[in-house]
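Written out below as structure tokens is the structure these notes cover.
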Amino acid sequence: MKFTSAKKFHEYVEKHGKVFDGWLDLSGCTGLTALPDGLSVGRWLDLSGCTGLTALPDGLSVGGSLDLNGCTGLTALPDGLSVSGSLYLSGCTGLTALPDGLTVSGWLDLSGCTGLTTIPENLKVSGSIFR
């Protein structure tokens, strides 16, 4: 499901709930500053270019890949985040550290994460890591 504005997304969630069985595409929603707690996406969550987003909610569940490319306002990821697919963080210049317990079943793309200074020892990535 594709949303072109944060307002339309939040209106939909109020009416229909926080569970999306398939894809959720919010790419380019620069006005998106937060996601609802308990958001669950069955396959792919695309937040690329959501420059107003500063953090992800605790309890976020993504059954596939999570695309955060170009989320320059993002400063942190929740502890214990688990992504069943790949995690794309390319160009997340505000991100300074990865959380403890981060688990990624696919690839982890950290290219262009110029603010990233530490990677936790308990990071688990099944695929390749790109820096």
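The values are calculated or read from the model by the stated rules, or taken from the named source; none is laboratory data. As the structure is a computational prediction, the values presented were derived from the model and not from experiment. Counting neighbours? That spans all protein chains shown, and the Cβs are built from the backbone with ideal geometry, glycine included.
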Cβ pairs under 7 Å, 6+ apart or interchain, first in the range 87-109 and over 12 Å from Lys124 (Cβ atoms), second of a type in the set (D, E, K, R) and in a strand (DSSP E or B), ordered by first then second residue, are Tyr88/Asp67; Tyr88/Asp109; Leu89/Asp109; Ser90/Asp109
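Would you mind finding the one in Gly85, Gly112 that is crowded, with 18+ Cβ neighbours inside 10 Å and either modelled with pLDDT of 95 or more or closer than 18 Å to Asp25 by Cβ (or both)? Walk me through how you get there before you give the answer.
On the way: Gly112 fails: crowded, with 18+ Cβ neighbours inside 10 Å.
Result: Gly85 is the single residue among Gly85, Gly112 that is crowded, with 18+ Cβ neighbours inside 10 Å and either modelled with pLDDT of 95 or more or closer than 18 Å to Asp25 by Cβ (or both).
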Residue tally, condition assigned to a loop (DSSP other than H, G, I, E, B) and over 19 Å from Gly59 (Cα atoms), over the range 90-119: 18
Can you find even one residue in the range 60-80 that is farther than 20 Å from Arg131 by Cα and outside any loop (DSSP other than H, G, I, E, B)? yes
Condition set among the acidic types (Asp, Glu) and in contact (Cβ under 8 Å) with a residue 12 or more places away in the chain, scope the range 1-56, selection nearest to Asp79 (Cα to Cα): answer is Asp37
Can you confirm whether the range 29-40 contains a residue that is among the β-branched types (Val, Ile, Thr) and either closer than 25 Å to Lys2 by Cα or in contact with a helix residue (DSSP H, G or I) (Cβ under 7 Å, 6 or more places away or on another chain) (or both)? yes
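Among the residues in the range 46-55, are any in a strand (DSSP E or B) and modelled with pLDDT of 95 or more?
yes
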Picking from Asp37, Asp46, Asp79, which residue would you name as being closer than 21 Å to Ser105 by Cβ and exposed (fewer than 14 other Cβ atoms within 10 Å of the Cβ)? Asp79
Can you find a residue in the range 88-103 that is under 10 Å from the mean Cα position of the chain (by Cα), of a type in the set (A, V, I, L, M) and at pLDDT below 95? no
